[in-house]
1. Near K201, which aspartates and glutamates are there with a Cα under 20 Å away, not counting those fewer than 8 places off in the same chain?
2. Sum -39500 (n - 2.57) across every DSSP H segment of at least 4 residues in the chain, then divide by the residue count to get the 222 nm mean residue ellipticity, nearest 500.
3. Cut-off 10 angstrom, C-alpha nodes, Gaussian network model of the chain. Which of E85, E76, E114 fluctuates the most?
4. Could you estimate the translational diffusion coefficient of the chain from the Stokes-Einstein equation, with Rh from the Kirkwood formula over C-alpha pairs, at 37 °C and 0.692 mPa s, in whole µm²/s?
5. Can you list, largest first and rounded to whole Å, the semi-axes you get for the range 78-209 by taking the square root of 5 times each eigenvalue of its Cα gyration tensor?
6. Relative contact order for the range 139-230: what is it in percent, counting Cα pairs under 8 Å that are at least 6 residues apart?
7. Pick from L44, L103, L205 the residue whose mean-square fluctuation is largest in a GNM of the chain, springs joining Cα atoms under 10 Å.
8. Give the average over all directions of the projected area of the C-alpha convex hull of the range 1-130, one decimal, in nm².
Amino acid sequence: MQKDKNRFIQFFVCTQIDVIGVKDELVEEKRSGIYVGEAAVSRLRKSGAEGDDPLVDYGCYLLSDSCTNAYVVSDEDWHPEKWWEFDVFGGPHCVKGSHGAKLPLRLEAHRWDERFFYIRANSIDTSADPRYSKILHSLTEDVFKTDIKIGIAGVMSHIKVDYLIFNLLTTEPVFSPDQIAVCEYLCASQNQADHDAAMRKFRQLGVNVFENYEDFAAWADLPTNLLQKKHGEE
C-alpha cells in the first residue's frame, strides 16, 4: 500500500474558554483559576474577531480546504463537578458540558470535522486518556514516520505543554525531537518566568522552539503571512 507523505499534526493544548476566553466569550467577569491572564489572551486572541484572532484563525486555516494534509488534535480539560485538581489550581474550571469547557466558537464549530480529533483527560498527563495513543496511531499508520511533523500551541507552557512534549518523546508512537515544534508566540503561562523556563527546557530537549509564527510556519510549510499582525506588534 502506498503511504501518504508530509503529514502535519497540530496539537492545541487547553485552548478552552475558561483558560483563554476573550471578554465576549466569558459568561461572568470572574475568571477561572487557570485563566491565563489578560496580557497572554491579548497576544493569543487579540480582539477575538475573525481575522484578528491569531490562535483561532490559525486553527481554522488548518481545517480548511486549503490545508488538506493537516490534522488538529485538541487536548482538553474535561472535569467532573468535584475534582481534586480544583484545590490545586484555584477552583472549578473546564467542567464537563459547561460553557467554559468549550473551545472558542469558531474552533468549536469544527469539532466534528474529519480532520479534527480531541482528547479529554482528567490529568495533566495527556496520555492518561486512552484516546491519546489511539488517535496518534490512527494518524501515523498510513504515513512514513519521517514524513510527520508535529506542531504545538496552547497553555500552560510549563505544565500541560510540558507534559505533552514528554508524552510525544516517550509514549508510543514515539517521535524524535526534531519532528516537534512549539510555536512560542501561540503558547503562554500565567507567569512569564514559567513560560520562559519551559521554552528553555524544550530547547535543551532538542525540540524546535520558534519565537514567532513566521518561523514556525516556514518550518511547517504553512503560509507565513497567515497571521496579519506579526509577533511583537500591538
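Read the figures in this text as sums done on the coordinates, not as results from a lab. This one's a predicted model, so the numbers in the text were calculated from it and none came from an experiment. So basically every Cβ, Gly included, is an ideal-geometry build from the backbone, and we count neighbours across all protein chains shown.
1. D125, D162, D178, E184, E211, D215
2. Working: 9 runs with 69 residues, N = 234.
So the calculated ellipticity at 222 nm is -7500 deg cm²/dmol.
3. E114
4. Working: Rh = 17.8 Å.
Translational diffusion coefficient: 185 µm²/s.
5. Values: eigenvalues 117, 82, 40 Å².
So the three semi-axes of the range 78-209 are 24, 20, 14 Å.
6. Numbers: 114 pairs, mean separation 25.8, N = 92.
The value is 28 percent.
7. With Cα springs under 10 Å in the chain, the top fluctuation among L44, L103, L205 is at L205.
8. Values: hull surface 37.2 nm².
For the range 1-130, averaging the hull's shadow over all directions gives 9.3 nm².
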